[in-house]
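Nothing in this text is a laboratory measurement; each read-out follows from the coordinates by a stated rule. Quick caveat: nothing in here was measured; it's all calculated off a predicted structure. Please note: Cβ atoms are built from the backbone with ideal geometry, for glycine as well, and neighbour counts cover all protein chains shown.
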């Protein structure tokens, strides 16, 4: 029972970790990423289609990552090139993904809700799980020990200083947003070809927002963010296990309270009731050379 | 002039881009467009359904617009309307015996109160704890969904149904449907929505509170210098926004289904963002934009049956493209307006809340 719970915690937190790391790149560079949800969704769709076409989960995931990058590029054009408001554009990108995926699904497979099932031997067994933790360590080291990692933080904290050092802020932000799309796309891929066996309409069901919550809970840092993802994943695993279980009385346990816990905790953390979480200073601001 | 031309152009560009998407899917875009128009306005019933969908969008559009005017982003209309509808249904289920004039008024007031309270929370958090309303409203949407699911499944569950819904409300609560629309559920909620738009217009343009809200939205420092407490105004504005969204419950629960059905809203709250943006945060604009999106929502419903490849979800694609067109202020600078104009434009951002002020904290 405990072992199973632990395993399923690790499994369900995998897409969250990818997406939250993606969110970290764009937000540390100063670009708010409400659009994680949409990027995950197209990633899930792209990976399912890719796997069904190429019969390899790895190549399929590459399709998913590509789809995530493509949507991130649309987002980047809107918020970096055209300076659209990041919240508004992010909301629109989510709608676009939510509308486009069932539509494309219908064109390709002539069914609205769901892609055909991916055979078991063409799905991931556990690779994304390990990969996600490799990514966590890699991001941590990269942010801490490379010049590019420093640029990323400066783009989000003091873009003027970065500009003065001769680095093009908006180029750093572009790179960050595209990486964000790639990671969110991989998060989506691990949803459709690892945790389940097909793409379904709106299958992310708020996981992009949960990743965003984990990012805030983890103070925009890779390792704490991953731990927050584990915590939220644990809540999800417990809730799945308790669904329909009757312990006392005649009604099953109300799992809704476990479901809302991650969101509630995030509100409390952000408000400073439990610890304090500070956003990158220039988050959400437009950079224009002086 | 620009104030009107820009949204109209954005709608045109968004629609053309959306139709191009259907063309890419192998449909004749002109055929798709005709289905859209026919689906939305083809008969009295179709017009009625368009109005029925437009009604909640007027409420959520006003909700987002009021918050926008105070410099706040209300991404939480979805949660606020969920709790409003749930509260109205709960009153109707718990006291089913109440008679007609009192019952709907009471349920409506409770819906208003529930939405107001749910909206005031992120307002208070922003004003007194300094945490950003965007994240808080997103999180509260999920909390509201969880609470609604608990209440609907455990506390006042409908024992006669397998669907996740509450017990039906008493007969005295139901709102009559107007006869003109061939049975479409157009109830008193529509005139109420129009009245709400009028009241918001009066509040914003003609009262001291409205002035204070706009002052805080335009410049916190200036508002403070004028002796306005920005925190207080933010709480009031978010509470007001929540209340407006909460009123969605009237048309849905009292005017249509007679109960709270989990997931009844096809993201009216998020569509409200598009409506407010397209309507330039002005009540009249919101009403016009709500009618457009209502028509789009109804029109695209026909696409499932009438075309081979296009599904009704394409409605979201149309909406997203229209939002992107309206929000990308930079596009309008591209089109030869020059840098001079663009500085002011992006400083304003989308409806006053954008630009440099957008921070989580």
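Pick from B:246, B:130, B:227: which residue has the top mean-square fluctuation in a GNM of chain B where Cα pairs under 10 Å get a spring? Between B:246, B:130, B:227, it is B:227 that shows the largest mean-square fluctuation. Distance from the alpha carbon centroid of region A:50-120 to that of region A:121-195 works out to 19 angstrom. For chain B, modelled as a GNM whose springs connect Cα atoms under 10 angstrom apart, the maximal fluctuation among B:312, B:259, B:206 occurs at B:206.
Residue ranges A:67-74, B:63-70 sort as B:63-70, A:67-74 when ordered by packing (mean number of other C-beta atoms within 10 Å per residue, highest first).
The calculated P(r) of region A:88-240, using every Cα pair and 5 Å bins from 0, goes 2, 8, 12, 18, 18, 16, 12, 7, 4, 2, 0 in percent.
Across peptide B:120-133, the average count of Cβ atoms from other chains found within 10 Å of a residue's Cβ is 3. Taking the helices alone, chain A has a mean residue ellipticity at 222 nm of -22500 deg cm²/dmol, built from -39,500 (n - 2.57) per DSSP H run of at least 4 residues and averaged over all its residues. Residues A:124, A:45, ranked from the fewest to the most other C-beta atoms within 10 Å, line up as A:124, A:45. Size descriptors for chain B (Cα atoms only): Rg and Dmax, in that order, 20.6, 65 Å. Calculate I(q)/I(0) for region B:121-222 by the Debye formula, one identical point scatterer on each C-alpha and no solvent, and give its log10 at q = 0.11, 0.13, 0.23 Å⁻¹ to two decimals. Here log10 of I(q) over I(0) equals -0.70, -0.90, -1.12.
For the peptides A:128-140, A:27-39, B:291-303, the ranking by mean Cβ contacts within 10 Å, running from highest to lowest, is A:27-39, B:291-303, A:128-140.
For the residues of B:302-314, the average number of beta carbons from a partner chain within 10 Å of their own beta carbon is 4. Per residue of peptide A:260-267, the mean number of Cβ atoms on other chains within 10 Å of the residue Cβ is 6.
Using only the Cα atoms of chain A, each taken as one equal point scatterer with no solvent, compute I(q) by the Debye sum, divide by I(0), and report log10 of the ratio at q = 0.10, 0.11 Å⁻¹. Log10 I(q)/I(0), no solvent term: -0.52, -0.63. Helical content alone sets the calculated 222 nm signal of chain B at -21500 deg cm²/dmol, taking -39,500 (n - 2.57) per DSSP H segment of four or more residues and averaging over every residue.
Take the convex hull of the alpha carbons in the protein assembly as shown; its mean projected area over all directions comes to 29.3 nm². Checking the a/c ratio against 1.5 first, then a/b against b/c, what shape does the Cα gyration tensor give for region A:160-283? Judged from the Cα gyration tensor, region A:160-283 comes out oblate (a/c at least 1.5, b/c at or above a/b).
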